[in-house]
Amino acid sequence: MKTIIEPFRIKMTEPIKLITQEERSAALERAHHNVFLLDAEDCCIDLLTDSGTGAMSTDQWAAMMLGDESYAGSKSWKKFESTIKSITGIAHVFPTHQGRAAENILAQTRLKPGDVVPNNSHFDTTRANIEFVGARAVDLLSDAGLDTTLEAPFKGNMDLEKLRNCIAEHGADRIPFGMITVTNNTGGGQPVSMANIKAVKSVLSEHGIPLVIDACRFAENAYFVRELEPGYQDRDLFSIAQEMFSYADAATMSCKKDGLANIGGFFICNDDRWAEEFKNLLILREGFPTYGGLAGRDLEIIAVGLMEALDYDYQVYRHATVTYLGDRLQQLGIPHVRPVGGHAVFLDAKAFLPHIPQSEYPGIGLVNAIYLEGGVRAVELGSVMFGKIDGDGTETPAPLELVRLAFPRRVYTQSHFDYLIEVLRSVWENRDKITGHKITYQPRFLRHFTCRFKPV
Ligand code: F0G
């Protein structure tokens with residue numbers, strides 16, 4: 001088999017620069033060892049996130065010029081709405097400025113204190129929006145998903161037994177909706193099988209509980225279903241996505257992922273009352289329902305991007321880049337979540353740095369070391385992001401200490417990844433010199449974005 005090549009050529013370039021090791025060290029000091037606080041221009045390869053960091057296609061740039069900036073009922077809105085309806089078959093479509101705005105309005109309109117929302121794994125903004133209104137976000141990931149070394153196909157699946165127990169424990173009246181996140185970002189970008197989505201829907205339906213899909217990476221999930229789930233090999237990604245959404249009553253979406261856009265999101269639902277209440281708050285918070293916080297040109301870009309994300313050749317290439325890194329790490333014996341996810345490779349910081357206790361955030365030590373070694377920015381998905389803090393300040397660490405190397409879409413080439421592998425190899429060889437960290441400042445919500453650290 002020949003090398004899988006990038007299915008595009010580059011028409012526009014953006015310079016990147018590697019500052020010296022001394023400069024990187026000083027930059028980390030200034031950022032209080034929190035890479036969210038670094039200047040982006042000081043990061044020569046930025047793998048902080050795959051969110052809003054992708055490159056647009058020529059068709060998207062062209063579509064941008066067609067942006068109809070009318071306040072209400074623009075042509076761009078119609079394209080946006082009809083594209084989303086064709087993929088999802090869901091009745092009501094509301095643009096939002098990004099995914100968390102959809103989550104926020106969903107939580108504000110549907111949840112009350114004491115309610116419970118099950119999910120395979122909540123993303124941090126989803127959890128925060130649910131908790132902000134006094135409800136509880138519960139993760140019901142399958143045990144396979146918690147095992148970072150197990151080579152299994154659908155480690156993003158929800159555990160159905162845990163779901164049944166959750167409903168029995170809290171009662172269906174306290175569960176206004178259940179969620180499933182495809183792919184499961186916080187659990188290693190692992191896919192969810194169609195069979196699991198269908199089964200989750202069926203368990204929820206028995207109790208009259210609607211299913212909301214967190215659809216950020218729906219196209220990557222559709223690709224995994226086609227590759228790994230029996231019966232889907234002859235299906236195109238569009239029809240697989242249609243089937244996925246056929247089990248949903250509603251969905252939240254960040255178009256910064258599989259919308260291949262730099263900003264944008266949406267909420268969709270079938271229930272007229274949900275739609276009415278969502279719309280009222282949308283107008284207050286985001287904007288008129290036909291633009292919802294976005295410019296007409298953004299709506300155009302997303303309408304094109306959603307379809308490009310469902311292009312099979314694009315997904316083959318995308319998955320090849322993730323696998324390329326995963327295979328090299330495997331050869332070097334560097335611990336990471338297996339199999340590799342759809343949008344990222346997740347290093348296992350607990351196994352990488354066994355000498356650092358979870359109370360000293362091994363993921364932060366690793367993220368700092370990677371930046372210092374090569375100017376590469378990664379992100380911790382461990383106890384800083386997901387640790388639980390009780391009223392009295394005691395902290396329960398997260399089950400996994402991961403460091404995510406997220407792949408912006410259509411941005412980096414193979415030589416960038418070769419360089420990254422050299423950086424990781426060197427960090428691995430010098431891992432015993434990496435130290436733990438203490439938090440010196442933290443805000444109340446979403447602390448990982450702005451908290452400060454000091455090496456121990
Ligand atoms: N749900 C999931 C699964 C996500 O990964 C994200 C964002 C959101 C919801 C929120 O969307 O950023 O548009 O408000 N994830 C980004 C990340 C930030 O880096 O994984 P948003």
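The values are calculated or read from the model by the stated rules, or taken from the named source; none is laboratory data. Just so we're clear, the structure is a prediction, and the values are computed from it rather than from any experiment. Backbone-built Cβ (ideal geometry, glycine too); neighbour counts: all protein chains shown.
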Selection from segment 270-309 of residues that are buried (at least 21 other Cβ atoms within 10 Å of the Cβ) and in contact with a Phe, Trp or Tyr (Cβ under 7 Å, 6 or more places away or on another chain): Phe278, Leu282, Thr290, Tyr291, Gly292, Leu299, Ile302, Ala303
Test: residue in segment 248-258 that is closer than 23 Å to Met179 by Cβ, crowded, with 19+ Cβ neighbours inside 10 Å and polar (S, T, N, Q): yes
Elements of type helices (runs of 4 or more DSSP H) in segment 297-401, at least 1 residues being among the charged types (D, E, K, R), within 24 Å of Ser254 (Cα to Cα) and touching a residue at least 12 places away in the same chain (Cβ under 8 Å): 312-332
Residue in segment 30-49 that is of a type in the set (Ser, Thr, Tyr) and out of contact with any helix residue (DSSP H, G or I) (no Cβ under 8 Å at 6 or more places or on another chain) present: yes
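Condition test on Thr109, is it assigned by TED's automatic domain parsing to the domain that holds Tyr291 and within 13 Å of the ligand (Cβ to nearest atom)? First the steps, then the outcome.
On the way: assigned by TED's automatic domain parsing to the domain that holds Tyr291: yes; within 13 Å of the ligand (Cβ to nearest atom): no.
No.
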Hits in segment 46-86 - residues which are away from the ligand (no atom under 16 Å from the Cβ) and within 30 Å of Leu366 (Cβ to Cβ): Ala55
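For segment 81-92, check the following and say yes or no: at least one residue is at pLDDT below 95 and closer than 26 Å to Leu310 by Cβ.
Residues of segment 81-92 at pLDDT below 95: none.
Looking for residues that are at pLDDT below 95 and closer than 26 Å to Leu310 by Cβ, one finds none in segment 81-92, hence no.
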Boolean, Ala195 is surrounded by fewer than 20 Cβ atoms within 10 Å (Cβ to Cβ), assigned to a helix (DSSP H, G or I) and touching a residue at least 12 places away in the same chain (Cβ under 8 Å): yes
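Find the strands (runs of 3 or more DSSP E) located wholly in segment 67-170 whose residues include 1 or more that are touching a Leu at 6+ places or on another chain (Cβ under 6 Å), and list them.
Qualifying strands (runs of 3 or more DSSP E): 92-96, 116-119.
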Which numbered condition Thr290 misses (of (1) β-branched (Val, Ile, Thr); (2) within 16 Å of the ligand (Cβ to nearest atom); (3) in a loop (DSSP other than H, G, I, E, B)): (2)
Every residue from segment 249-277 that is aromatic (Phe, Trp, Tyr) and within 16 Å of the ligand (Cβ to nearest atom): Phe266, Phe267
Verdict on Glu395 being at pLDDT below 95, surrounded by fewer than 16 Cβ atoms within 10 Å (Cβ to Cβ) and more than 16 Å from the ligand (Cβ to nearest atom): yes
Count - residues of segment 198-213 that are touching a Gly at 6+ places or on another chain (Cβ under 8 Å) and not in a loop (DSSP other than H, G, I, E, B): 4
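Yes or no, residue by residue, for (1) under 30 Å from Gly296 (Cα atoms); (2) surrounded by 12 or more Cβ atoms within 10 Å (Cβ to Cβ):
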residue	(1), (2)
Met12	yes, no
Thr20	no, no
Asn34	no, yes
Leu38	no, yes
Unmet requirement for Phe386, which otherwise passes all of (1) within 13 Å of the ligand (Cβ to nearest atom); (2) within 14 Å of Thr49 (Cα to Cα): (2)
